[in-house]
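Please read the structure below before turning to the comments.
The values are calculated or read from the model by the stated rules, or taken from the named source; none is laboratory data. Keep in mind the model is a prediction, meaning the values are calculated, not measured. Neighbour counts run over all protein chains shown; Cβ positions are idealised from the backbone, glycine included. Heads up: the accessible areas ignore ligands, DNA and RNA and are worked out on the full protein's heavy atoms, side chains in. Shrake-Rupley method; radii C 1.70, N 1.55, O 1.52, S 1.80 Å.
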Amino acid sequence: MDSLNGFVVFVQVAETRSFVAAGRLLGVSASAIGKSVARLEDKLGVRLFHRSTRSITLTAEGALFLERSRRILAEIEAAELELSQATATPRGRLRVSLPLVSSLVLPVLGEFMREYPQIELDLDFTDRMVDVIEEGFDAVVRTGEPSDSRLAARRLGTFRMHLVASPDYLARRGRPKTPADLQQHACLHYRFPNSGKLETWALRQLPGEAELVLPTSMICNNIETRLCFALRGLGIAYLPDFAVADALADGSLCTVLADRQIHTGVFHVLWPVSKQPAPKIRALVDFLCARMLPGAPEATDQPGSGRLATT
């Protein structure tokens, strides 16, 4: 520890160019500062300062040692911060942007609130592409591949898209056998809020099949509306597996053209890059990774993206 104290004293003298000023900052006498510098010089076997009655300046060896000393002290400070944050109780306001998939995230966030009562959740549900840094979000959940170097990211898991309709609807309108048959059906669409474009129904086309142009019986900007209308027999919807799993299991919805569906999406949680994220952010990231899509492969932090969905 005496050696570490010598580094601190040396840096203060180098920055203030004064034994008196360095002593004042460290709460000791100028004489004690001078003795500490002398001991360090004796130990290193070099002179660190040129001293005169009017000034103190660094020698060439002192300038080199100053650079290294600052780096050493910065590493020690970072290590202390990391350890203190690792043992700190997650607390405080946590502003999170989430996509409009309440059936997927609400149960998990409810469990998170119960486990971390000292964290105040401020939740913003939107399919709009938010600017995480500029708008002051602590974390966001998004689909698509990460690309923003300002954000760190961890993969939460994947999902598949399904075309679904109710048994009642299919009994009345018939079951499509090819993508072209969809042109005779009521199609329930999603519109991307940022681009205004309709989501493409990614279906495998066979050679010779014409480009698919779908009718638009209804357009909305969320999952719940399309799911509700499909359950009521009002048309065919293109929805993620996590939204329709229960309905498919109990038979209230059926898949359509299952052999033609090819799209797989991925969820990430992203947060502003930091050497050591705050305990509240780390708690949320770890919790979502463990609970939101269980069984998803673990991923390391990587550059991320504030993007919600591809258009």
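Restricting attention to the range 231-244, does a residue exist that is under 30 Å from residue 131 (Cα atoms) and free of Cβ contacts under 8 Å to residues at least 24 places away in the same chain?
So far as the range 231-244 goes, no, none of its residues is under 30 Å from residue 131 (Cα atoms) and free of Cβ contacts under 8 Å to residues at least 24 places away in the same chain.
Would you pick out the residues in the range 157-195 that are under 30 Å from residue 141 (Cα atoms) and of a type in the set (A, V, I, L, M)?
Hits for the range 157-195 are 161, 163, 164, 165, 188.
Any idea which of (1) closer than 30 Å to residue 166 by Cβ; (2) outside any loop (DSSP other than H, G, I, E, B) is the one residue 281 doesn't satisfy?
Going through (1) closer than 30 Å to residue 166 by Cβ; (2) outside any loop (DSSP other than H, G, I, E, B) one by one, residue 281 breaks only (1).
Using the structure shown, decide if residue 291 is closer than 21 Å to residue 103 by Cβ and at pLDDT 85 or above. Talk me through it step by step, then tell me what you get.
On the way: closer than 21 Å to residue 103 by Cβ: yes; at pLDDT 85 or above: yes.
So residue 291 fits the description; yes.
How many residues are farther than 29 Å from residue 263 by Cα, assigned to a strand (DSSP E or B) and open to solvent by less than 60 Å² (accessible area, probe 1.4 Å) if we restrict to the range 118-153?
Qualifying residue count, the range 118-153: 3.
This table checks each residue for (1) under 21 Å from residue 110 (Cβ atoms); (2) in contact with a Ser or Thr (Cβ under 7 Å, 6 or more places away or on another chain); (3) charged (D, E, K, R); (4) at pLDDT below 90.
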position	(1), (2), (3), (4)
217	no, no, no, no
222	yes, no, no, yes
265	no, yes, no, yes
274	no, no, no, yes
283	yes, no, no, no
305	no, yes, no, yes
308	no, yes, no, yes
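Do we have any residue at all in the range 171-192 that's over 18 Å from residue 244 (Cβ atoms), under 26 Å from the mean Cα position of the chain (by Cα) and outside any strand (DSSP E or B)?
Step one: list which residues in the range 171-192 are over 18 Å from residue 244 (Cβ atoms), which gives 171-174, 177-181, 183-184, 191-192.
Remaining after also requiring under 26 Å from the mean Cα position of the chain (by Cα): 191-192.
Keeping just the survivors that are outside any strand (DSSP E or B) gives 192.
The answer is yes; a qualifying residue exists.
Which one is surrounded by the most Cβ atoms within 10 Å (Cβ to Cβ) among residues in the range 193-205 that are touching a Pro at 6+ places or on another chain (Cβ under 9 Å) and not in a strand (DSSP E or B)? Lay out the reasoning, then the answer.
In the first step, residues of the range 193-205 are kept if they are touching a Pro at 6+ places or on another chain (Cβ under 9 Å); the result is 201, 203-205.
Narrowing the set further to residues that are not in a strand (DSSP E or B) leaves 201, 204-205.
Numbers: 201: 21, 204: 12, 205: 14.
Per the criteria, the residue is 201.
When residue 167 is evaluated against the numbered criteria (1) surrounded by fewer than 18 Cβ atoms within 10 Å (Cβ to Cβ); (2) out of contact with any strand residue (DSSP E or B) (no Cβ under 7 Å at 6 or more places or on another chain); (3) closer than 19 Å to residue 238 by Cβ, which criterion, by number, is the only one it fails?
Of everything listed in (1) surrounded by fewer than 18 Cβ atoms within 10 Å (Cβ to Cβ); (2) out of contact with any strand residue (DSSP E or B) (no Cβ under 7 Å at 6 or more places or on another chain); (3) closer than 19 Å to residue 238 by Cβ, residue 167 misses just condition (2).
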